[in-house]
Amino acid sequence: MTAISAMLYREGKIRVTNLTFIFWDLFYPLGYLLVFGVMMNYMVGTQFPLSSVDYNSFFLAGVLGMASFGIASNTSWSFFLDRDNGIFYEMLTYPLSRAEYLLGKVLFTVFIALLQTVITLGLGALALRIPLRFDLLPLLLLVVAGGTAGWFFFYAIFALWTRRNDVFNSVTSVFYFVFLFASSMFYPLEPLPRWFRAAALANPVTWHVDLMRYLTIGYGNPRTIALESAAFAVFCVVSFVVAVRFLQEQE
């Protein structure tokens with residue numbers, strides 16, 4: 001068994017022994033789509049400010065973004081626990097490099113995100129009749145994989161930086177609230193106040209969700225999407241570089 005496959009096996013065992021993680025990673029975002037999305041679609045109906053799409057179609061990309069964000073957060077928490085309880089330092093004595101350790105966690109995180117994406121897209125197309133852009137599906141899966149990895153690297157920075165579990169949980173909770181609700185995940189930005197639009201447009205969640213929204217239903221301005229894609233790519237690269245630096249400094 002190679003070092004990478006051993007890490008994948010270990011991450012799988014962690015998930016299997018904790019049903020809460022499995023539910024959160026694969027099915028919790030689906031609950032948002034089925035309950036919140038369907039309810040909002042029924043309530044706003046023809047009053048939804050975007051005449052070209054209904055709310056279910058608009059919210060689909062938000063669910064995918066929420067899943068990437070949440071899955072990355074859960075995996076980074078296991079990263080924090082490894083470092084906090086000393087297993088991380090013990091594993092460094094194994095024939096396993098730090099790069100392989102990090103890569104194994106990233107690959108498992110991406111696998112879960114892709115599985116959740118396939119489930120969500122299938123439900124959206126079959127049950128909610130969302131008109132998906134299947135011609136852009138390969139690119140969408142690539143964006144989901146890259147975006148989830150980027151969010152994992154971002155959270156890994158704080159998992160390696162903080163020393164207390166309560167501090168780490170407080171940081172991730174604040175990020176979850178601010179990043180998700182100050183974004184285009186739940187609502188279009190056009191009718192909202194200018195100050196809120198400015199904050200949301202500076203939010204990496206908005207960049208990620210807007211790109212996935214364009215790839216799922218074709219909604220968005222191509223020029224704006226291109227700029228947001230470039231910004232999100234820079235965010236992912238910077239998060240990766242900083243996370244690797246923090247990992248190398250662990251002793």
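Read-outs throughout are calculated quantities, based only on the coordinates presented, and are distinct from any laboratory measurement. Here the structure is a predicted model, which means the values were calculated and not measured. In this analysis, Cβ positions are derived from the backbone assuming ideal geometry, glycine residues included, and neighbour counts consider all displayed protein chains.
What the table shows:
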{"item": "In nm, spacing of pseudo-spin labels at Glu249 and Asp84 (7 Å Cα→C-beta vector)", "result": "2.0"}
{"item": "Extension gain from Leu92 to Ala231, taking 0.36 nm per residue of separation minus the Cα-Cα distance", "result": "46.6 nm"}
{"item": "Distance in nm between pseudo-label sites at Ile22 and Arg164 (7 Å out along the Cβ direction from Cα)", "result": "3.5"}
{"item": "Modelled FRET efficiency - R0 35 Å, Phe134 with Phe181, Cβ distances, 0.05 increments", "result": "0.70"}
{"item": "Computed magnitude of the charge dipole of the range 3-248 (debye, nearest 20; Cβ of K, R +1, Cβ of D, E -1)", "result": "180"}
{"item": "Around Val205: net Lys/Arg minus Asp/Glu count, Cβ-Cβ under 13 Å", "result": "-1"}
{"item": "Lys13/Arg194 FRET efficiency (R0 51 Å; Cβ-Cβ; nearest 0.05)", "result": "0.55"}
{"item": "Rounded if a/c under 1.5, otherwise prolate or oblate - the range 83-177, Cα gyration tensor axes", "result": "prolate"}
{"item": "Helical contribution to [θ] at 222 nm, DSSP H n ≥ 4, -39,500 (n - 2.57), averaged over the chain, rounded to 500", "result": "-24000 deg cm²/dmol"}
{"item": "Label-zone membership for the range 177-196, site Thr224, 7 angstrom Cα→C-beta point, backbone N under 15 Å", "result": "183-196"}
